[in-house]
Amino acid sequence: MLPSFRIDNGMVWVDNSLRPLSIVIQDDKIIALPDSDSAHKFQAQQVVDASGCWILPGGVDLHTHISDGAETFFPGSCCAAAGGITTIFDMAPFHACVTQKQLSEKSDLAHSSCVIDFGLVAGIVVDTSDLTELDEMSKAGAAYFKVFQPSEPPVSTNTLWNAVQTAARTGLRLGLHAEETAFLLPPGDPNDPLSFPHSRPAIAETSSAALLIEMARAAGAPIHICHVSSGSTVDLIAWGKAQGVDLTCEVPAHYLVLDESAFSIYGARVKTTPPLRSSTDCEKLWQALEDGVIDAIACDHYTESLIPLPIELELINSSAAGIAGLEVSLPLIMDAVLNDRLSLSRFVKATSEKPAKIAGISHKKGQIATGMDADLSFWDPQISWKVAPSGEFSRIATTPFNGWQLKGQLKQTWVRGHVVWNEDNICVPAGYGRWIKSKKG
């Protein structure tokens, strides 16, 4: 039987460089990567011309909230596909995915709704009782679990230590929303655009990260710092890695392309926790991403409302925190690549290769190679475009990025050998996505 597709004339990311190769796909797998001289030997049912495009591995996003707030699996996964993401990891609300039964129910719901592949996060842990079934959930294929420190009441040091010991015993990586509540202040003047970010100072993040790193070093636990916002936290992470701690971390695009001055422009549309920091912090985060201290780009997608927020300053303190990032996370970083802000190598490693390894799915996802799932993103580096809603499922209108001009347009997103997004439309039905279970070790 002939292979399903042969993709010709693109520049394909293989072995850490762009190369003029063809991609031969049989069913859902890549079976060959011939050069232009030998591509004709691989006949296929359909030949796709990718002239002018960079073909990169599909994005893997470790941290999204697509079964929370106003978001659900179908539109959330459509947003991801429109942004070049081929595998998303869902982080459920408090107490909603802390048992095997809940994990199974979450999988069934995602299976019936997602247009791209997905993974599931165990947790969120806010109490020691949430740790009871994590051993079994790890064996069932959960990717990692998360402790949300600034819950109400706050997570205790005892619960955090028990969580670290659970990670050490099971090998299930512990992710942390790092904000020590002792340093959080009541919001001040509602007409001061910096009132909210200054009520959640960077020391809340750095002190929490330092404690977790030391706990992990003592217990031998794998840990992950979610949504790093502070340059000082980056310094701690670099130190922890140098000490041999099994430590990874992520940064959402909004901490790289926005600083706290954005509150004066976009109001509550840029409200998230931890909050945006200074321009100096942004610079340190970019450097840490390029240097590999920051492992992954993860958008922390969340939306409380489908209606765009007005930009009155007094709404900042009262509005829910969260930025819908799935459609723009990778395009924002691609723009940085094409403006010489970040290397293409680090783009691919941070958006595909390393998050796939962190999540335990690198046996299927994260690179373009024979035997891997045919998860691909096609980018035209020559096209500049304006960010705008991409369909009925779009969340662009609720974000601060609506109307931004970016370099490098996403043309297609492929998942397991099928076009899911073709620049204009979602091309597969709800339920095309599969649960990609994590393999530990």
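Below, the figures for the structure above:
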item: Counted residues, the stretch 18-50 - those being out of contact with any helix residue (DSSP H, G or I) (no Cβ under 7 Å at 6 or more places or on another chain) and under 19 Å from ASP375 (Cβ atoms); result: 18
item: Selection within the stretch 217-238 - part of a helix (DSSP H, G or I) and in contact with a helix residue (DSSP H, G or I) (Cβ under 6 Å, 6 or more places away or on another chain); result: ALA219, GLY231, SER232, THR233, VAL234, LEU236
item: Listing of strands (runs of 3 or more DSSP E) fully contained in the stretch 73-188 that carry 1 or more residues being at pLDDT 95 or above, of a type outside the set (A, V, I, L, M, F, W, C) and over 20 Å from ILE297 (Cα atoms); result: none
item: For THR248: the one exception among (1) closer than 21 Å to TYR144 by Cα; (2) polar (S, T, N, Q); (3) more than 19 Å from the chain's Cα centre (by Cα); result: (3)
item: Residue count, the stretch 38-72 (criterion: in a loop (DSSP other than H, G, I, E, B), of a type outside the set (D, E, K, R) and in contact with a His (Cβ under 8 Å, 6 or more places away or on another chain)); result: 2
item: Selection status of TRP414, farther than 27 Å from GLY141 by Cβ, out of contact with any Asp or Glu (no Cβ under 6 Å at 6 or more places or on another chain) and either surrounded by 19 or more Cβ atoms within 10 Å (Cβ to Cβ) or without any contact (Cβ under 8 Å) to a residue 12 or more places away in the chain (or both); result: no
item: Residue ID - surrounded by the most Cβ atoms within 10 Å (Cβ to Cβ), chosen from residues in the stretch 106-126 that are in contact with a Pro (Cβ under 9 Å, 6 or more places away or on another chain) and closer than 24 Å to PHE148 by Cβ; result: ILE124
item: Qualifying residue in the stretch 417-437 (condition: within 20 Å of ALA110 (Cβ to Cβ), in a helix (DSSP H, G or I) and either in contact (Cβ under 8 Å) with a residue 40 or more places away in the chain or among the charged types (D, E, K, R) (or both)); result: no
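The values are calculated or read from the model by the stated rules, or taken from the named source; none is laboratory data. Just so we're clear, the structure is a prediction, and the values are computed from it rather than from any experiment. Cβ: placed from backbone, ideal geometry, glycine included. Neighbour counts: every protein chain shown.
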